[in-house]
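Visitor: Could you have a look at this structure, given as structure tokens, before my questions?
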Amino acid sequence: MVVFELAKLTDIELVSIAARGREDGFEELVRRYQRQIVSYVFRMLNDYESALDVTQEVFIKVYNSLDRYNSEYKFSTWLYRIAHNAAIDNIRRRDPRAQSLETDGRDGVIRLEIETSEPSPERSRESSERRDEIRNVVRCLPAAYRELILLRHGHDLSYEEIGEVTGLPLGTVKNRLFRAREMMRQILLERGIDGV
Amino acid sequence: MQNKHATTDECRTREQIVLFVDGLVSSAEGAGVESHVAACSSCLRLLNEEKALLGTIDRIMGDLSDPVLPDGFAAAVTTAAESEIHGLRSATVRKGFMIAAAMLAVCSAILFVTGNSAVVGLSFGLGAAVLKMTSVLLHSLRDFSVGVVGVCRSLCLQFVPASQAAALALAVVFISSLAACSRLLSRQERS
């Protein structure tokens, strides 16, 4: 089968042929989702090299688990779920304190540190001041909130899909997204960005 | 977050407005919100604020530039995944080798500690048999290789004086058939 035919196949068909040992089927799946996954992981980790490594790790996990994929679920949701776990593992490896970051405080507000790391070389290459400003707004969000904003507004996942990816109940997803948006509104107002 | 349905006259909380904007309310509740905001300026203001915020967030996320992927990333990932599952880095294969190594270590330890001559003799006998079989296998492989080289050499010698192109073509055919055989064997192994 030639490449242009593979591009027409659905995700489930590609998973099926990749599980039978067709490398080109798996490569097409990687090609189809590599941009979304590396973007998602990059926004989670804020580090380009780590994002590439974790993305590769994610696809290797997918390859090893193809026979366990349940076609009742969307392939993309399953893939994001694996990427979510890999990103969280990476964050915890780099900063063991992050383990406690996902738990709710007494008032239900997540206590997460606001990242203040030095700008990466990747970031310093950005020429537009506005783009830097916008990136900072997203980076200022605590990781657990930032992830929900990313999945909902950057990757167009539904609330149910976000629940499947993050393992959170639907009510918690709604609640956290609401808080994340409110936090974003405050940051935007403080920075004088129009539109809120 | 509250999910209860409010009456048409009742003002909505910001959370309820957000759910409405996100399309997460029933059609009856949605109609209730619409008719309420038509008559309530404070709820209409909340609704407009939320729509503006969602629009801004969407725009911000759209403005973020994606990281650039290196050329051939998909192919490199596929190769890495393939070698991971078939090579020694594969957890299954590695586990098998570790079990075999552990068993050998245990056998060696038993032999060393007990110093049982019968066991030692049996072990040496088994070892000698394995070495003998390996030797036979290697000799057979060597003979086969010599035979293949001899046949190819004589064929090439026959072709070279007539036409160098024919010899080259023969070499290409030979190498291609080897590659095809290798591919077929790997597929069979995988299936």
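The values are calculated or read from the model by the stated rules, or taken from the named source; none is laboratory data. If you're wondering where the values come from, they're calculated on a predicted model, not measured in any experiment. As a convention, Cβ positions derive from the backbone with ideal geometry for all residues, glycine included, and neighbour counts pool all protein chains shown.
Visitor: Taking only pairs six or more apart or across chains, which ones have beta-carbon atoms under 7 Å, a first residue in the range A:131-159 that is part of a helix (DSSP H, G or I), and a second residue that is of a type in the set (D, E)?
Guide: Hits for this filter: A:R131/B:D63; A:D132/A:E126; A:I134/B:D63; A:R139/A:E115; A:A144/A:E102; A:H153/B:D58.
Visitor: Go through the range A:3-61 and give me each residue that's more than 7 Å from every other protein chain (Cβ to nearest Cβ), of a type in the set (F, W, Y) and without any contact (Cβ under 8 Å) to a residue 24 or more places away in the chain.
Guide: In the first step, residues of the range A:3-61 are kept if they are more than 7 Å from every other protein chain (Cβ to nearest Cβ); the result is A:3-20, A:22, A:24-25, A:28-29, A:32-33, A:36-37, A:40-41, A:43-47, A:49-50, A:52-55, A:57-58, A:61.
Now restrict to residues that are of a type in the set (F, W, Y): A:4, A:33, A:40.
Within the range A:3-61, just A:F4 meets the criteria.
Visitor: If you check B:G62, B:G147, B:G87, which single one turns out to be surrounded by fewer than 12 Cβ atoms within 10 Å (Cβ to Cβ), under 41 Å from the mean Cα position of the chain (by Cα), within 30 Å of A:E28 (Cβ to Cβ) and at pLDDT 75 or above?
Guide: Numbers: B:G147 fails: within 30 Å of A:E28 (Cβ to Cβ); B:G87 fails: at pLDDT 75 or above.
On inspection, the qualifying residue turns out to be B:G62.
Visitor: Could you give me the residue pairs with C-beta distances under 7 Å whose first residue belongs to the range A:175-194 and is under 18 Å from B:K51 (Cβ atoms), whose second residue is among the polar types (S, T, N, Q) and modelled with pLDDT under 90 wherever it lies, and which are 6+ apart or on separate chains?
Guide: That search, which allows pairs on different chains as well, returns A:L188/B:T56.
Visitor: Restricting attention to the range A:2-24, which residues are crowded, with 16+ Cβ neighbours inside 10 Å, touching a helix residue (DSSP H, G or I) at 6+ places or on another chain (Cβ under 7 Å) and closer than 16 Å to A:W78 by Cβ?
Guide: A:D11, A:L14, A:V15, A:A18, A:A19, listed by residue number.
Visitor: Quick check on my filter: what residues within the range A:140-196 are hydroxyl-bearing (S, T, Y), closer than 19 Å to B:L19 by Cα and either touching a Leu at 6+ places or on another chain (Cβ under 7 Å) or surrounded by 19 or more Cβ atoms within 10 Å (Cβ to Cβ) (or both)? Break it down stepwise before answering.
Guide: Restricting attention to the range A:140-196, the residues satisfying the condition of being hydroxyl-bearing (S, T, Y) are A:145, A:158-159, A:166, A:172.
Filter once more, keeping what is closer than 19 Å to B:L19 by Cα: A:145, A:158-159, A:172.
Correct list: A:Y145, A:Y159.
Visitor: So A:A83 fits all but one of (1) buried (at least 18 other Cβ atoms within 10 Å of the Cβ); (2) at pLDDT below 95; what number is the exception?
Guide: (2)
Visitor: State whether one or more residues within the range A:55-71 are in a helix (DSSP H, G or I), among the hydrophobic types (A, V, I, L, M, F, W, C) and within 19 Å of B:D66 (Cα to Cα).
Guide: Filtering the range A:55-71 for residues in a helix (DSSP H, G or I) gives A:55-64, A:66-68.
So of that shortlist, the ones also among the hydrophobic types (A, V, I, L, M, F, W, C) come out as A:58-60, A:62, A:66.
So of that shortlist, the ones also within 19 Å of B:D66 (Cα to Cα) come out as A:58-59.
Within the range A:55-71 (the criterion being in a helix (DSSP H, G or I), among the hydrophobic types (A, V, I, L, M, F, W, C) and within 19 Å of B:D66 (Cα to Cα)), the answer is yes, since at least one residue qualifies.
Visitor: Here's a follow-up. Of all residues in the range B:51-71, how many are in contact with a helix residue (DSSP H, G or I) (Cβ under 7 Å, 6 or more places away or on another chain), at the interface with chain A (Cβ under 8 Å from one of its Cβ atoms) and either within 18 Å of A:M183 (Cβ to Cβ) or not in a loop (DSSP other than H, G, I, E, B) (or both)?
Guide: Qualifying residue count, the range B:51-71: 9.
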